[in-house]
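Enquirer: Submitted below is the structure of interest, expressed as structure tokens.
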Amino acid sequence: GQVLKTDGSGNLSWVDPYNITYGSTTSLGTGQYYDWTGLVSTNVKKYEIIIQGLSWGSAENPNFKIGDSGGLEGSGYTVSAGYLSNASYAGTDFRTGGWNFRSLESASIVYDLKFTLTKFDGNKWYGEGWAQKTGDSDGTIYWVRGFKELSGALTTISLSSFNAAVIDGGTQRLLTYT
């Protein structure tokens, strides 16, 4: 888990690539959204969110948005989303309203997922997420990836469904890389 670093004079040493802060594993609760707030992104290189057992009160797709001191941004994302399966279906879509996963499910899904935001430059963030249905037997994976630039420093990451369904289960953990 370490990298080889030089001091500029030819001396090499093994170092940790990041300082990682592990947040507590906590419930997502039962609201229409879950927010990670009070983030101070000035020296952060990456945020990683791991969620186990995410479910909604109805068939829905996870949607991540980010915001700065002016609030959450609901537009201006350049994102692709899709899914792959060993069954006879797959597809992709373009998104502008957040990192919104895509599926064609007609029944409620329980997801395990990881979503990562990596600082690209200034206040521009690259988001990438992978999800799978818990206990899935067909091997379907869901993905989302793309960019969003904020006018100020990132302060909030928000998870909601695309159509404002209520979260009815799941736990999360936030990892911060500086």
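Enquirer: Taking segment 25-56 only, how many residues are open to solvent by 80 Å² or more (accessible area, probe 1.4 Å), outside any strand (DSSP E or B) and at pLDDT 95 or above?
Expert: Total satisfying the criteria: 2.
Enquirer: Hey, another quick one. All but one of (1) under 17 Å from the mean Cα position of the chain (by Cα); (2) more than 13 Å from GLN172 (Cβ to Cβ) hold for THR26, so report the exception by its number.
Expert: (2)
Enquirer: Now a separate question. Would you please name the residue that is modelled with the highest pLDDT, looking only at residues in segment 98-139 that are part of a strand (DSSP E or B), open to solvent by 40 Å² or more (accessible area, probe 1.4 Å) and closer than 12 Å to TYR83 by Cα?
Expert: Ranking the qualifying residues of segment 98-139, first place goes to TRP130.
Enquirer: May I pose another question? Return a yes/no flag: does segment 2-15 have any residue that is at positive phi and free of Cβ contacts under 8 Å to residues at least 24 places away in the same chain.
Expert: Yes, segment 2-15 has at least one match.
Enquirer: Quickly run through segment 1-24 and pick out the residues that are outside any loop (DSSP other than H, G, I, E, B) and under 30 Å from LEU159 (Cα atoms).
Expert: ILE20, THR21, TYR22, listed by residue number.
Enquirer: Taking into account only those residues within segment 151-168 that are surrounded by fewer than 21 Cβ atoms within 10 Å (Cβ to Cβ) and under 17 Å from the mean Cα position of the chain (by Cα), which is modelled with the lowest pLDDT?
Expert: PHE162
Enquirer: Quick check on segment 62-72. Is at least one of its residues among the charged types (D, E, K, R), surrounded by 12 or more Cβ atoms within 10 Å (Cβ to Cβ) and in contact with an Asp or Glu (Cβ under 9 Å, 6 or more places away or on another chain)?
Expert: yes
The values are calculated or read from the model by the stated rules, or taken from the named source; none is laboratory data. Computed from a predicted model, the values in this text were never measured in an experiment. Reconstructed Cβ throughout: ideal geometry from the backbone, glycine too, with neighbour counts over all protein chains shown. These area figures cover heavy atoms from the full protein model, side chains too; ligands, DNA and RNA do not enter into them. Shrake-Rupley method; radii C 1.70, N 1.55, O 1.52, S 1.80 Å.
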